[in-house]
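Below you'll find the structure, written out as structure tokens, and then a few comments.
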Amino acid sequence: MSQTLYGSRKSNVTANKERANLSDPCYNYTVLDDPWRSINYTDVQYKCDTSFMWSGWYRLFINGTSAHIPQTCIAKWYCGTTATLWIPDGHPTVEDGVVTRDVCGHWDNYCCFFGSFPIRVKACPGNYYVYELVSPAVFCSGYCADTGSINTSSKSVTPVTISTVNLSVDPCYNYTVLDDPWRANISQYPNSHMCDYSVTWSGWYRLFINGQRAQIPDTCVEKYSCGTDIPLWIRGGHPTVNDGVVTRDVCGHWKNYCCYIGSFPIKVKACPGNYYVYELSQNCFQNLIEQIENISASQVLSVTTVTNILTMAFNASEKILESSSSSSVSPAKLASQGNSMLKTSEKLISTLVKPTDTSDNISFTLAAVEGQVFMVGPQVTLDKIPRLDTTKSSVDIDLIGIANNSETRSAAVAFMSYNTMENLLKPDFFNTSNDTIKTMMSTVISATLPKTTNTKLTKPVNFTLKHIREFDPSGSLSCVYWNISEWIVDGCSVLETNSSYTVCSCVHLSTFALIMQTSRPPENDSLLEMLNLVCVIVGLVFFSLALLTFALCQWSPGVNNVARINICISLLLAHLLFLLTQQFLRLIRRHQVLCAVISGVLQFLFLSGFVWMFIEAVLLFICVKNLSQISSKKREVLSSGFLCVIGYTVALVVVAVSVGLLPEGYGSKHCWIKMDKGFIWSFLGPVCVILALNMILFINIFINLNSTLKNLNAEVSQMKQTKIMVFKTLAQFVVLGCSWILGFFTNDSKVLEILFLILNSQQGTFIFLVYCVLNNEVRHHSIYHHNP
């Protein structure tokens, strides 16, 4: 927009009238539209009008709505200032002319604690007020603005200059202020893309730029001016006051042509007071689409032109989506806009096709779309068309066969991959009978045969679609194509698939995508989540108590607690890290690298815990077999240092190999190992091996222990000892991690899930009970310290 002053020729009568109006502050004022002045603005900004250089008359606007200085007390700290200013004697009427009003500043719970310098006020036809503002006397205060209705004094009368009926009809007194600073034609923002196509225009508008009246320029404006890509201006100039409401065509400057894009016409009116109002109702996006649709079928455009227009179209589409929340946009509107974008893109890319005798190809890459065009002529020497590739998709098509069946023996294929189209053509448009979650697993692609006389396919077309999201092996994949308002599968099938990509085969050309259906997860069980949280916290407490006991108590030289200590350390850290990760998952998920590192650390800690469980099982098996008297060589082999090397090196090697083979396998949505590509077996594989070995060792331990117990005498004291030994043996089932086997059977059983949760969160509890509470050495040590 321009700040050019009104300069059309006028009659002497009109000129004299305007010169008179210029002396009237109702038509010669500065707009004051700071949003913080609103009486509803509660954020403390410490704005002070004492430092402002006031000059002349001012009119208040708040967010485009006419406002006035309040005439009732306003709470301090409101209006973005410290002491809020208001006028206690109310506003005048139109008949009162210019009046003087005292100004009060609210402070220390007294509405007129500060008495500021008086100001002059005038009521204007059109139900608004102008003020001759001066610097307040208060140390930091500001003039507030109220957009509500005014209750004038008892001597107020109905304005007589302009009737109420005229106020509601005449746009000169019934308009919305448009005061965006970027609209000035002196401002150029190369990196800015301010666009009016997403604005819901309604009624008449008056332009202000930085408090000065402005107008839409009526001469060509340089492109990229006014903070936008295509600046708009009006042809035919502005009217005079006597002309009334006129219609003017709107032009958009692009490609060094001042009227390259013709917009819908708008209405303009010149108003007394040397300003203009405009009835803005243009939908630039829709107009751009219509301009593209009018392109001739035979027209050839350059790649630069096509990419520029495509960029504008996709930017416009994104702005429209941004201006409305996803919940407020109806599916029908999304589908309609998606269809427009598809039609526009296919029409534009068809203009890249040009005649060729042999073969030719053109490609481009934009943020929203990638495209490739391949053309063959009657003298083509290729045996087959090379695969058309984009970053995330490719297509194989028998273009030679199609050309041979054509009268001109020529053909062209246009292939596009849309990176943001799923925001319009959502996967939920895939209407299936089963209630599943639909996920778009690929970019939306389209393939057409532009400027080709015979479009009949000689053989099915194969599309290779790379997966853009984590692959769920339990999901069901479908190759679909877009049919006006929904995704359907007719004529398309999955030819090949793995965790990285899927090959679709289709017997026709259209717009395609890959959609995966997965079962809806069960609703979160708040009771189960609370039980899990409590159990994990209790387990962490007992892990800590066990470690304190192992550290503070004196043990005989024959007791080897190294495995138990390291089980506690590994599982304590693993459960603690996992608990914290889940509690702050929403924050951690924003940092994918951190999420992947956490999943790798968790894998290492849990694996090292299982390795130490295996070492404990071996040591326990040796103990039960009465092999405590071993050779010095064996003692050296089973030393604490050697066990530590085994306990942590095995887990470290597994994690290192996993990272080396597939680093992207870490960092699922729960910051754990991803399920796709079978990578979860980098954890489950070693765990299954250890659990199998521990079960074998546990069974042997139980058999040997049972044989030993049968030889005991049936005395009371011995029976009591027997019960303790049986409890310890059963507790070892949990300590050695054998209860983790339940995890393979919890899918269909709530009871097993709860049992699995309790047992495996309480390994620290069982270690503390078996090796601390029921341990004779610990008990004797405790009695000795309490009874010296």
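The values are calculated or read from the model by the stated rules, or taken from the named source; none is laboratory data. Because the structure is predicted, anything quoted here is derived from the model rather than measured. Reconstructed Cβ throughout: ideal geometry from the backbone, glycine too, with neighbour counts over all protein chains shown. Calculation scope for accessible area: heavy atoms of the full protein, side chains included, ligands and nucleic acids excluded. Shrake-Rupley method; radii C 1.70, N 1.55, O 1.52, S 1.80 Å.
Some notes on this structure:
- Whole-number percent relative contact order across the range 405-502, with pairs defined as alpha carbons under 8 Å at least 6 apart: 29
- A simple charge model with +1 on the Cβ of Lys and Arg, -1 on the Cβ of Asp and Glu and nothing else charged puts the dipole of the range 437-561 at about 640 debye relative to its Cα centre.
- Panel note: the C-alpha atoms of the range 353-448, placed on their principal axes, show extents of 53, 31, 18 Å (largest first).
- Rounded if a/c under 1.5, otherwise prolate or oblate - the range 496-621, Cα gyration tensor axes: prolate
- Distance (nanometres) between label positions extended 7 Å along Cα→Cβ at LEU579 and ARG469: 3.3
- Total formal charge among the other residues, if their Cβ is under 15 angstrom from that of VAL597, Lys/Arg +1 and Asp/Glu -1: +2
- Local electrostatic count, GLN372, Cβ distance below 14 Å [Lys/Arg +1, Asp/Glu -1]: -3
- Cross-link pairs beyond the 20 Å C-alpha cut-off, checked among LYS438/LYS466; LYS223/LYS354; LYS343/LYS392: LYS223/LYS354; LYS343/LYS392
- The packing ranking, built from the mean of other Cβ atoms within 10 Å per residue, places the peptides 568-575, 47-54, 505-512 in the order 568-575, 505-512, 47-54, highest first.
- Residues with amide H under 5 Å from that of LEU133, placed H, sequence gap 5 or more: TYR58
- Ligands, DNA and RNA excluded, the heavy atoms of VAL380 present near 40 Å² of accessible surface to a 1.4 Å solvent probe.
- Sorted on the mean count of surrounding Cβ atoms within 10 Å across their residues, most packed first, peptides 445-456, 340-351 read 340-351, 445-456.
- The range 364-462, relative contact order in percent, only Cα pairs under 8 angstrom and at least six apart counted: 33
- For MET441, the amide hydrogen comes within under 5 Å of the amide hydrogens of LEU514, ILE515, MET516, counting only partners 5 or more places away or on other chains and with H modelled in the peptide plane.
- Packing-based order for 61-69, 217-225, using average beta carbon neighbours within 10 Å, highest first: 61-69, 217-225
- Per residue, the range 490-602 exposes 54 Å² of accessible surface when a 1.4 Å probe is rolled over the protein heavy atoms with every protein chain present.
- Net charge of neighbours whose Cβ lies under 11 Å from the Cβ of ASN210, counting Lys and Arg as +1 and Asp and Glu as -1: -1
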